[in-house]
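Below is one structure; the comments refer to it alone.
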């Protein structure tokens, strides 16, 4: 009897172990329940093929057959279009445009302040911590009325914000009492099966 051929995953993701940008792409992969080989990259000893695939030699980098993608926002939108169930972006163009603006602002206002290199023990400066704390506090009231950031449906915007919320204590960011709605929202995100599956062991250690 012939041995059954081993089915290889179509997609490969090069992911950092604690990289928040990689983390949000892993959340999308598990939300889509897609078969994908995840290669965890030590950013101090990057594999040679990563530089061949990505001119910036960064994670996350995704390979899907002959297509190579990098930058997590681009990868996540591609996955949502390539694997439309469940949909993670709004159907109507107006709300989709607002979602993209949120994603851009999260990156520019908050994610750009984070330490990008794994193993770097530097902590955020007080100004950066205050910026993230105050920004999250400002948007907190919307979660009094809705379960997720765009309404009642989980979206790519939630996938993008979840890794930051998971890392608040790691970066020494303490939200004030009036930010309780966003902390409750964070617990809803953390309880999702896709989020729990997305965590590496080192990421689990980041949030007590």
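For the range 158-203, enumerate the residues that are closer than 18 Å to residue 114 by Cα, part of a helix (DSSP H, G or I) and touching a residue at least 40 places away in the same chain (Cβ under 8 Å).
Correct list: 159, 160, 161, 162, 163, 164, 166, 202, 203.
Confirm whether residue 69 is surrounded by 13 or more Cβ atoms within 10 Å (Cβ to Cβ), within 18 Å of the chain's Cα centre (by Cα) and at pLDDT 95 or above.
So residue 69 fits the description; yes.
Go over the candidates 143, 154 one by one and state the one that is modelled with pLDDT of 95 or more and not in a helix (DSSP H, G or I).
154
Quick one: which strands (runs of 3 or more DSSP E) sit completely within the range 1-101 and have at least 3 residues that are under 30 Å from residue 168 (Cα atoms) and in contact with a strand residue (DSSP E or B) (Cβ under 9 Å, 6 or more places away or on another chain)?
Qualifying strands (runs of 3 or more DSSP E): 11-16, 36-41.
The values are calculated or read from the model by the stated rules, or taken from the named source; none is laboratory data. Owing to the predicted nature of the structure, the values given are computational and were not obtained by experimental measurement. Here the Cβ is made from the backbone with ideal geometry for all residues, glycine too, and neighbour counts use every protein chain on show.
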